[in-house]
C-alpha cells in the first residue's frame with residue numbers, strides 16, 4: 001500500500017512539473033491524483049500511523065506516532081511524545097498502542113495547541129491524573145467512546161482509582177483558553193468517595209463534547225463528576241450531550257466564595273443525568289451567572305437542580321424531570337433564574353425574582369352572557385385541558401359593554417370560568433373569547 005501511494009504521488013509530481021497549469025485538463029488530472037493519494041493516506045492505518053513523523057512546510061514536526069517513543073507504559077510514551085513536540089505544539093497519536101495501557105505518573109500537558117489521540121481501550125490511570133497546566137491554551141483530548149454506553153470494547157475508557165481529579169485543566173492563577181475534549185469516558189467506580197472526574201478551573205472558551213462519566217452508587221459518596229470552577233476570573237464554554245451516572249453531584253458550578261468569580265456563560269446541551277436518589281444532585285449552581293441548559297433528562301435525584309446563594313440569571317429550558325424528591329430548589333440569595341418545562345415540577349423557591357413556568361395552555365370559544373335583574377354577574381365556561389386550580393388565567397375578550405368587565409379563573413380541573421359583571425342589570429355581552437393558562 002505504501003508503494004502504491006508513493007507511485008501516485010510521483011506520477012502527480014511528474015505530470016504537474018512537466019505541464020503548464022494553463023492546460024487545465026492536465027491540471028485536473030494532477031488534482032485528482034493528489035486527492036486519491038490523500039484518501040489512501042487518511043484511510044489506511046499503516047500509512048496514517050507511519051513509523052516516521054510527518055513534517056510541515058517549515059520543517060517542524062507536527063504529528064508524531066506515540067509508538068515510536070520509549071517507555072514501559074502509555075503514560076511514559078505520551079510524556080516522551082509531548083516533550084518532543086515543538087514549543088508551538090502538535091499531535092501525539094496513541095491510537096496504535098494496544099499494550100501497557102496505564103499511567104505510572106501524572107500525565108502533564110504543558111505545551112499549547114497539543115492534541116492527544118487516546119487509544120481505543122481501557123486505560124488504567126491508577127491514582128494518577130491527566131493535567132493541563134495553567135495557561136496552556138488550545139489543548140485537545142480526543143477519545144473514542146460509545147456515548148453513554150458501559151461496554152469497554154472499541155472505546156477509550158479512563159479508569160481512575162484516586163482521591164483527586166482524573167482530568168484537571170487550568171488553575172485559578174491565570175486563564176486557560178480553548179480546551180477541547182471529545183468522547184471522554186471517565187470511570188470513577190473504583191475511585192475514592194471524594195474523587196472528581198473532569199475539573200475545569202478558570203478555563204475559558206471550553207468545548208466538551210459527549211463526555212460519559214460514571215461514579216459510585218453509594219449515597220455516602222461525595223464524588224463530583226464535572227466541576228466548573230471560576231475562581232480568579234470565570235469558567236465558561238459549551239458542554240454537549242453529557243451522559244452522567246451516579247456520584248453525588250454530577251455538574252458543579254462554583255468559584256471564589258463571596259465573589260462573582262464563578263462558572264459563567266456555560267451552555268449545556270441535552271444532558272442525560274441519572275442519580276442514586278438520597279442526597280444526590282444533578283446540577284448544583286453554587287456560584288454561576290448566565291448559564292443555560294437546553295433540553296435534557298434528570299431523573300432519580302434527591303434534588304435535580306439546586307441553585308445556591310450566588311446563582312444568578314441561569315436558565316433551564318425544556319428539561320425533563322422524573323422520580324426526583326425535588327426537581328428544582330432555589331436557595332435564599334438566588335435571583336433572576338428561570339425554569340421552563342412542559343410538565344409538572346416539584347420545586348421550592350426561596351430566592352428572589354426567579355421565574356418558574358411549567359406550561360402555557362390556551363383555548364377559544366364563543367360565550368354569551370346576560371345578567372339578571374337581581375344579579376350583576378353571569379358566568380360562562382370554556383374547557384382547557386391541563387388547567388388546574390390556582391393557575392394564572394389571562395383573557396382575550398371582545399369589548400365589554402359600558403360599565404361592564406370580564407375576568408377568569410380555573411374553577412375545576414380542565415375548566416376555566418369566564419365571569420362577566422356589569423353595573424347595570426339585564427346587561428348582555430357576547431363574542432369569541434380566548435383563555436390562556438400559565439402554570440407556576
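All of the numbers you see were taken from the coordinates with simple rules; none came from a lab. This is a predicted model, so every value here is computed, not measured. Here Cβ is always computed from backbone atoms with ideal geometry, including for glycine, and neighbour counts include all displayed protein chains.
Here the ratio of the Cα radius of gyration of region 305-415 to 2.2 N^0.38 Å is 1.44. Rounded to two decimals, the Cα radius of gyration of region 114-263 over 2.2 N^0.38 Å is 0.97. Each listed q (0.17, 0.21, 0.27, 0.34 Å⁻¹) maps to a log10 I(q)/I(0) for region 321-366, found by the Debye formula over equal Cα scatterers with no solvent: -0.54, -0.73, -1.01, -1.24. Each of 371, 212 was scored by other Cβ atoms within 10 Å of its Cβ. Listed from fewest to most, they are 371, 212.
Ordering 99-110, 355-366 by mean Cβ neighbour count within 10 Å, with the highest value first, yields 99-110, 355-366.
Averaging Cα coordinates gives a centre for region 241-264 and one for region 340-399; these two points are 37 Å apart. Summarising the overall dimensions of region 88-141 from its C-alpha atoms, the Rg and Dmax are 11.6, 32 angstrom. Principal axis analysis of the Cα atoms in region 360-439 yields extents of 35, 21, 16 Å, listed in decreasing size.
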